[in-house]
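The values are calculated or read from the model by the stated rules, or taken from the named source; none is laboratory data. Keep in mind that what you see is a predicted model, and the values were worked out from it rather than measured. Please note: Cβ atoms are built from the backbone with ideal geometry, for glycine as well, and neighbour counts cover all protein chains shown. Accessible surface is based on the protein model in full, side chains and every heavy atom, while ligands, DNA and RNA are left aside. Shrake-Rupley method; radii C 1.70, N 1.55, O 1.52, S 1.80 Å.
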Amino acid sequence: MTEAPGGRLVVVGSSVAGVRAVEGARRAGWAGPITLLGSENHPPYDRPPLSKELLAPDGPTGVPRLRSAESLEALEVEIRARVTATSLHADRRVIATTDGEIGYDALVIATGGRARRLPGTAGLAGVHAIRDYADAVALRHALDTASRVVVIGAGFIGSEVASAARERGLAVTLVEAAAQPLARAIGPVAAGMLAGLHDIGGSRLVLGTSVQRVAHDGGQVVGVELGTGEVLPADVVVPGIGSIPCAEWLARSGIGVDPATGGVVVDDALATSIPGVWAAGDVACLGHHATQHWTTAAEQGRVAGANAAGAGERFGAVPFGWSQWYGHRIQTVGTTTGVTEEVIDEGLVLSRDGDELVGAVAIDQPRALARVRRALLARSRSETAARAEG
């Protein structure tokens, strides 16, 4: 490890990637001041529970803390809540924010992403995208009094919302434009396996059609019109159609942004095109891919923070995700698209590239999935170490 630079480290974004960046920097020897900026009026909190436990009828309602107050205090980090970065001036090493300018010697960008919104639905009562704690609380209250829910997008977030609605006995329809749910994330065999959970859970799954418009009466949602002409009655509509990296504030900074994803381009050290600036989590784009997994964001944050302190590490984590639908635990690991699928057992599909195991999708098979994950992690660490030596 090279000698850690002095001065101030600023981390923009206080979710998992941002907090892990602070931790990574301290462990790598950063002894100077660290400032962590967060746009919300909460201490750093965990986002996966927002569409899982927090939406459950009898689930907890408090902010799901990411770290205890004692843990954050031990990091000696200045946390500035309700502060949003508005621009980056790399020539002066200054960030403009809603609370004035902040100078930095090293910077980690971890601003995450925001939920995609349905066109033409701004201000409509009953439309609930979910990305932050306030979104989740509003959706939970809406589900408590709803009767008919339409979820647009049958990915992990949309499916978790559907499951929470069914727990309340609500009528649920999921609308997915692709021919299969999660078509861009997993292979067709695994997608078919997961589609069956919606049938078991009592949700109607409508595939291969688009949404033409969201109908409303006096500003209140009343239904969703599909491309087939069918109108689905609804008093709650939840768009689960992905997210957009929060990188607009960097538009005039000169930092490299991927034209396809809109994310900040990074190399395998999480370094950006601007010296002294790293990026991690949902806002980062590595190899033209924006990996939106909690575990990936956490490890990228750690590596980015460590490298800001001079560690010289390389990011080599294996994508891993989990979800909970209708009482079933879904887990994915590694590469699960563009591969050959092999059904091993009920609820377990392995992904192979030729003869090489590269990923898996599992339903209620945590031990089998854990074995695959350990094997992939061991290989990834070996490859990362080889790259560093080379």
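In the elastic network of the chain, a GNM with C-alpha springs shorter than 10 Å, the most mobile of 71, 87, 210 is 71. Backbone amide hydrogens, once placed in the peptide plane, bring residue 99 within less than 5 Å of 84, excluding anything fewer than 5 places away on its chain.
Projected onto planes of every orientation and averaged, the convex hull of the alpha-carbon atoms in region 331-378 covers 2.9 nm². Summed over qualifying helices (DSSP H, 4 residues or more, each -39500 (n - 2.57)) and divided by its residue number, the chain shows a 222 nm mean residue ellipticity of -8000 deg cm²/dmol. For the chain, the dipole from Cβ point charges (+1 on Lys and Arg, -1 on Asp and Glu) about the Cα centre works out to 240 debye, to the nearest 20. Under the criterion of Cα pairs below 8 Å and six or more residues apart, the relative contact order for region 174-214 equals 58 percent.
Heavy atoms of the protein chains alone define the surface here; on that basis region 117-239 has 42 Å² accessible area per residue at 1.4 Å probe size. Residue order by solvent-accessible surface for 133, 45 is 133, 45, largest first, with ligands and nucleic acids left out and a 1.4 Å probe. Across every direction, the projection of the convex hull enclosing the Cα atoms of region 82-155 has a mean area of 7.5 nm². When +1 charges are put on Lys and Arg Cβ atoms and -1 charges on Asp and Glu Cβ atoms, the dipole computed for region 327-389 relative to its Cα centre reaches about 380 debye.
On a 0 to 90° scale, report how tilted helix 294-308 is relative to the longest principal axis of the chain, with both axes built from alpha carbons and the result rounded to the nearest 10. With rounding to tens, the tilt is 10 degrees. To test your reading of the geometry: what angle, between 0 and 90 degrees and rounded to tens, separates the Cα axis of helix 188-201 from the longest principal axis of the chain? For helix 188-201, the angle is close to 60 degrees. Across region 280-344, Cα-Cα pairs more than 19 Å apart make up 45 percent of the total.
For 288, 141, the ranking by accessible surface with the largest value first comes to 288, 141, using a 1.4 Å probe. Taking amide H as placed 1.01 Å from N in the peptide plane, residue 116 has its amide H under 5 Å from the amide H of 241, 242, 243, 244, each at least 5 places away in sequence or on another chain.
A dipole drawn for the chain from +1 and -1 charges on Cβ atoms has a positive end, and of 21, 79, 333 the residue lying farthest that way is 79. Per-residue packing, averaged as other Cβ atoms within 10 Å, sorts the ranges 236-247, 267-278 into the order 236-247, 267-278, beginning with the highest.
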